[in-house]
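**Student:** Next up is a structure, given as structure tokens.
The values are calculated or read from the model by the stated rules, or taken from the named source; none is laboratory data. Please read all numbers here as calculations on a predicted model, not as lab measurements. Neighbour counts are summed over all protein chains in view; Cβ atoms, including those assigned to glycine, are modelled from backbone coordinates with ideal geometry.
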Amino acid sequence: MKSILKILSISCLSLILTNCQDMERPELGEYPKDQANLPAGNLRFFVPFDKSGTDLKNKFAEELSGYPCFAPDNTITQVDGIAGKAFKGGGSQVFLKYLNSNDFANKAGSFTVAFWEKNGDSSNTEFAFSMTSDNWAKASMFALFEGTAAIPTIKFFVDEQPGDKWFEWPSDSSLTGIYDNQWHHLAFVYDATTSGMTLYIDGVAKSTKTWAGHGAVKFNTSKINGFRIGGSGNPSEGWMKSWSGSLDQFRMYVSALTPAEVNDLYINKK
């Protein structure tokens, strides 16, 4: 009899533990698949910030894969954008999290990152996006903005492990306007054939910075672990502030867009 009771007790305990584990684990439907069924073309990641839905998780979903963003903080809001609705940043360590940037990192020999931004004068260093990674920078790619309205600074970082590159536009008065609290279109275009990155603002090429003799970018995809819009890879670092302004029509291509293609994004508010 004691043996039977012991077996029953062990069975009951096992059942209780199993049920507890089930309660702690979200349904499988909460987790998107690692591989999205993406359409053909060079556009590999696109967030318009105005999809239909009952909450920001779905309204800020990635367009091509349909993946939602994860757990947006309640200080983030949806505001009027350049086309439809847009993202408005919240606290200094608040951002939108995505499972990944689809297959961008696997295919981006040449690439373009383009988006609309609206921000006021800020004394902070703010990050527009970051492709997070297990490396010293906690990101394989990001764009940060600092400086003042009169002489702003933009820095675009790429890390391949080994080897990294900072494309910098420091204290550049030709970039004035990006902190005037009006919508501006920015495009960072890296062309593997020239090893140059060109910064466009409102459809106009400002200048090109060269990664001498480098050629195609080769991200270490084994280290990349996520993607963030409006935040850095390491927000616990006090100087790495999240984007306090608005962003709209965030696009990532695995090609170097031509000047005409960049201008089309600007003219047609894409």
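**Student:** Which residue pairs have Cβ atoms closer than 9 Å, lie 6 or more positions apart in sequence or on different chains, and pair a first residue in region 70-92 that is within 15 Å of His185 (Cα to Cα) with a second residue that is exposed (fewer than 14 other Cβ atoms within 10 Å of the Cβ) and among the hydroxyl-bearing types (Ser, Thr, Tyr)?
**Tutor:** From region 70-92, no pairs qualify.
**Student:** Restricting attention to region 121-152, which residues are of a type in the set (S, T, N, Q), more than 21 Å from Gly91 (Cα to Cα) and at pLDDT 95 or above? Explain how you work it out, then say what you get.
**Tutor:** Taking region 121-152 as the starting set, the residues that turn out to be of a type in the set (S, T, N, Q) are 122-125, 130, 132-133, 135, 140, 148.
Remaining after also requiring more than 21 Å from Gly91 (Cα to Cα): 133, 135, 140.
Within region 121-152, Ser133, Ser140 meet the criteria.
**Student:** If I ask for residues that are hydroxyl-bearing (Ser, Thr, Tyr) and under 18 Å from the mean Cα position of the chain (by Cα), which ones from region 181-202 would you list? Working first, answer last.
**Tutor:** Of region 181-202, the ones hydroxyl-bearing (Ser, Thr, Tyr) are 190, 193-195, 198, 200.
If the condition is that a residue be hydroxyl-bearing (Ser, Thr, Tyr) and under 18 Å from the mean Cα position of the chain (by Cα), then Tyr190 is the only one that fits.
**Student:** Here is a further query. Is it the case, given these coordinates, that Thr198 is more than 20 Å from Ser122 (Cβ to Cβ), loosely packed, with under 14 Cβ neighbours inside 10 Å and not small (Gly, Ala, Ser)? Don't jump to the end; show me each part of the working.
**Tutor:** Values: more than 20 Å from Ser122 (Cβ to Cβ): yes; loosely packed, with under 14 Cβ neighbours inside 10 Å: no; not small (Gly, Ala, Ser): yes.
No.
**Student:** Please go through region 156-188 and pick out each residue that is in contact with a Pro (Cβ under 9 Å, 6 or more places away or on another chain) and either surrounded by fewer than 16 Cβ atoms within 10 Å (Cβ to Cβ) or over 20 Å from Asn124 (Cα atoms) (or both).
**Tutor:** Narrowing region 156-188 to residues in contact with a Pro (Cβ under 9 Å, 6 or more places away or on another chain): 169, 171-173, 175-179.
Ser171, Ser173, Thr176, Gly177, listed by residue number.
**Student:** A further question on this structure: Among the strands (runs of 3 or more DSSP E) contained in region 203-245, which hold 2 or more residues that are within 21 Å of the chain's Cα centre (by Cα)? Let's see the steps before the verdict.
**Tutor:** Details: elements: 204-210, 224-229, 240-242.
Because the criterion is at least 2 residues that are within 21 Å of the chain's Cα centre (by Cα), the strands (runs of 3 or more DSSP E) in region 203-245 that meet it are 224-229, 240-242.
**Student:** Let me ask something else about it. So, in region 121-155, how many residues would count as being surrounded by fewer than 19 Cβ atoms within 10 Å (Cβ to Cβ) and in contact with a helix residue (DSSP H, G or I) (Cβ under 9 Å, 6 or more places away or on another chain)?
**Tutor:** 3
**Student:** Of Thr125, Thr132, Thr194, Thr148, which residue is touching a Leu at 6+ places or on another chain (Cβ under 6 Å), among the polar types (S, T, N, Q) and in contact (Cβ under 8 Å) with a residue 12 or more places away in the chain? It would help to see each step written out before you state the result.
**Tutor:** On the way: Thr132 fails: touching a Leu at 6+ places or on another chain (Cβ under 6 Å); Thr194 fails: touching a Leu at 6+ places or on another chain (Cβ under 6 Å); Thr148 fails: touching a Leu at 6+ places or on another chain (Cβ under 6 Å).
Only one candidate passes the filter, namely Thr125.
**Student:** Scan region 28-56 for residues that are closer than 15 Å to Gly230 by Cβ and either modelled with pLDDT under 95 or of a type in the set (Gly, Ala, Ser) (or both) and report the count.
**Tutor:** Residues in region 28-56 being closer than 15 Å to Gly230 by Cβ and either modelled with pLDDT under 95 or of a type in the set (Gly, Ala, Ser) (or both): 1 in total.
**Student:** I've got another one for you. Anything in region 50-72 that is under 12 Å from Leu99 (Cα atoms), touching a strand residue (DSSP E or B) at 6+ places or on another chain (Cβ under 9 Å) and either assigned to a loop (DSSP other than H, G, I, E, B) or among the basic types (Lys, Arg) (or both)? List them, or say none.
**Tutor:** Applying the first criterion (under 12 Å from Leu99 (Cα atoms)) to region 50-72 yields 61-62, 65-71.
Subset that is touching a strand residue (DSSP E or B) at 6+ places or on another chain (Cβ under 9 Å): 61-62, 65, 67-71.
Once the filter is applied, which keeps residues that are under 12 Å from Leu99 (Cα atoms), touching a strand residue (DSSP E or B) at 6+ places or on another chain (Cβ under 9 Å) and either assigned to a loop (DSSP other than H, G, I, E, B) or among the basic types (Lys, Arg) (or both), region 50-72 yields Ala61, Glu62, Ser65, Tyr67, Pro68, Cys69, Ala71.
**Student:** Residues that are polar (S, T, N, Q) and closer than 19 Å to Lys209 by Cα: does region 156-170 have at least one?
**Tutor:** Step one: filter region 156-170 for residues polar (S, T, N, Q), giving 161.
So of that shortlist, the ones also closer than 19 Å to Lys209 by Cα come out as none.
Within region 156-170 (the criterion being polar (S, T, N, Q) and closer than 19 Å to Lys209 by Cα), the answer is no, since none of the residues qualifies.
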